[in-house]
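Report on the following structure.
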Amino acid sequence: MVERKPEWPEHGDLVIATIESVTDYGSYAKLDEFGKRGLLHVSEISSSWIRNIRDFVREGQKVVLKVLRVDSEKGHIDLSLRRVTKRERIEKIMSWKKERKGETLFREVATKVNLTVDELYQQAGEKIDEKFGIYEGFEKAVKEGPETLTKIGVPENIAVAFAEVGEDRIHVKMVKVKGILEIKCMKPNGVKVIKEAFAAVQAKKISDASVKFYVIAAPKYSIEARAENYKKAEEVFQEAAQNVVSKITKAGGQGTFRREK
């Protein structure tokens with residue numbers, strides 16, 4: 001495993017488990033994240049009456065269970081299925097899938113930078129894990145660039161590898177807001193003023209968002225803001241457009257912008 005996990009789960013933890021055997025009094029399940037075995041008693045399988053236990057659990061089935069009791073000295077773990085809500089089950093499965101994908105991507109980075117998984121964890125993984133989580137670290141590198149990792153002490157070559165692997169393997173859902181900028185500057189250095197205004201806005205790092213400009217036909221330019229949600233994208237769009245217009249007018253030019261519907 002990439003992430004350093006405790007040896008035993010704690011009371012109340014949600015765990016991913018594989019049903020190994022089914023008996024009249026319950027079933028035994030292997031906790032995939034810990035390598036331990038626990039008992040799912042028949043009384044903790046369902047709140048309704050159970051005629052056939054295999055209608056609820058079967059060998060080889062993956063389930064989300066809640067830890068009721070842990071006795072590390074005796075090696076006993078008591079589990080429950082009926083106490084896991086639908087929302088808890090969905091959230092745990094999503095978290096587990098992200099964790100597994102993060103481990104796979106982490107191994108790809110290790111190969112890319114010629115390190116063992118343990119060496120990579122010591123040099124960078126521990127910092128990323130503590131600050132964001134491994135998978136979330138990949139997402140941050142994709143959205144915000146390698147700099148988001150170098151800021152927390154990750155070596156630049158590893159941060160770049162994280163971003164590259166993430167871009168190849170993770171689809172980060174972003175929404176976009178578009179608009180039109182109409183700007184002109186008749187000063188002798190007008191073209192330079194416009195280019196510098198765009199460059200200044202794009203150089204500003206925005207958490208979980210980005211801004212791009214495209215030439216339509218001078219004096220019209222397209223501005224596109226991307227973010228995880230429309231509220232953030234709208235805020236980024238408004239600020240970026242206003243900054244460009246402000247820089248142009250201060251340099252003696254003119255500018256307006258409008259949001260596309």
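Just so it is clear, none of the values below were taken in a lab; they were calculated from the coordinates. Nothing here was measured: the structure is a model prediction, and the numbers come from that model. Because the Cβ atoms are built from the backbone with ideal geometry, glycine has one as well, and the counts that use them run over all protein chains shown.
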Checklist entry - How large is the charge dipole for segment 1-113, taken about the Cα centre, if only the Cβ atoms of Lys, Arg (+1) and Asp, Glu (-1) carry charge, to the nearest 20 debye? => result 440
Next on the checklist: Net charge around LEU115, counting only other residues with Cβ within less than 14 Å of its Cβ (Lys, Arg = +1; Asp, Glu = -1)?
Outcome noted: -2
Checklist entry - Using θ = phi - 60° and the Karplus curve 6.51 cos²θ - 1.76 cosθ + 1.60, what whole-Hz ³J(HN,Hα) does each residue of segment 205-214 get, with Gly and Pro shown as x? => result 7, 10, 4, 6, 7, 8, 10, 9, 10, 9
Checklist entry - Want the number for ARG87 to LYS101: 0.36 nm per residue separation, take away the alpha-carbon distance, what's left? => result 2.9 nm
Next on the checklist: From the gyration tensor of the Cα coordinates in the chain, what semi-axes in whole Å does the equivalent ellipsoid have, largest first, with each one equal to sqrt(5λ)?
Outcome noted: 53, 22, 13
Checklist entry - Say the dipole of segment 94-232 comes from +1 at the beta carbon of Lys and Arg and -1 at that of Asp and Glu; which of THR104, ALA218, VAL154 then lies farthest toward its positive end? => result ALA218
Next on the checklist: I need the calculated FRET efficiency for the pair GLN61 and GLU167, taking r as the beta carbon distance and R₀ as 22 Å, to the nearest 0.05.
Outcome noted: 0.05
Item to check | Most mobile of LYS204, LYS232, LYS112 in a GNM of the chain (Cα contacts under 10 Å) | outcome: LYS204
Checklist outcome for this item: Percent antiparallel among DSSP beta bridges confined to the chain, nearest 5, equals 95
Checklist outcome for this item: Links exceeding 29 Å between C-alpha atoms in this model, out of LYS30/LYS101; LYS101/LYS176; LYS176/LYS220; LYS101/LYS178; LYS66/LYS176, come to LYS101/LYS178; LYS66/LYS176
Checklist outcome for this item: Cα convex hull volume per residue for segment 14-84, in Å³, equals 76
Checklist outcome for this item: Over all pairs of different Cα atoms in segment 175-259, the reciprocal of the mean inverse distance gives a Kirkwood radius in Å of 12.7
Checklist outcome for this item: If unit charges are put on Cβ atoms (+1 for Lys and Arg, -1 for Asp and Glu) and the dipole of the chain is taken about its Cα centre, the option from ILE194, LEU81, PRO9 lying farthest towards the positive end turns out to be ILE194
Checklist entry - Cα centroid distance between segment 189-227 and segment 33-65, in Å? => result 57
Checklist entry - Using θ = phi - 60° and the Karplus curve 6.51 cos²θ - 1.76 cosθ + 1.60, what whole-Hz ³J(HN,Hα) does each residue of segment 7-15 get, with Gly and Pro shown as x? => result 6, 10, x, 10, 4, x, 5, 9, 10
Next on the checklist: Given bins 5 angstrom wide, list per bin the percent of all Cα-Cα distances in segment 87-169, short to long.
Outcome noted: 3, 17, 29, 27, 14, 6, 4, 1, 0
Next on the checklist: Students often check this: by mean Cβ neighbours within 10 Å, which of 115-124, 101-110 ranks highest, and how do the rest follow?
Outcome noted: 101-110, 115-124
Checklist entry - Where does the chain land at 222 nm, in deg cm²/dmol rounded to the nearest 500, when only DSSP H runs of n ≥ 4 count, each adding -39500 (n - 2.57), divided by all residues? => result -12000 deg cm²/dmol
Checklist entry - By count of other Cβ within 10 Å, fewest leading, how are ARG89, ARG58 ordered? => result ARG58, ARG89
Next on the checklist: Please list 3J(HN,Hα) in residue order for segment 31-43, calculated via the Karplus relation 6.51 cos²θ - 1.76 cosθ + 1.60 where θ = phi - 60°; whole Hz, with x for glycine and proline.
Outcome noted: 7, 4, 7, 10, x, 9, 10, x, 9, 9, 5, 4, 5
Checklist entry - Using a Förster distance of 25 Å, how high is the FRET efficiency between SER47 and GLU130, based on the Cβ-Cβ distance and rounded to 0.05? => result 0.05
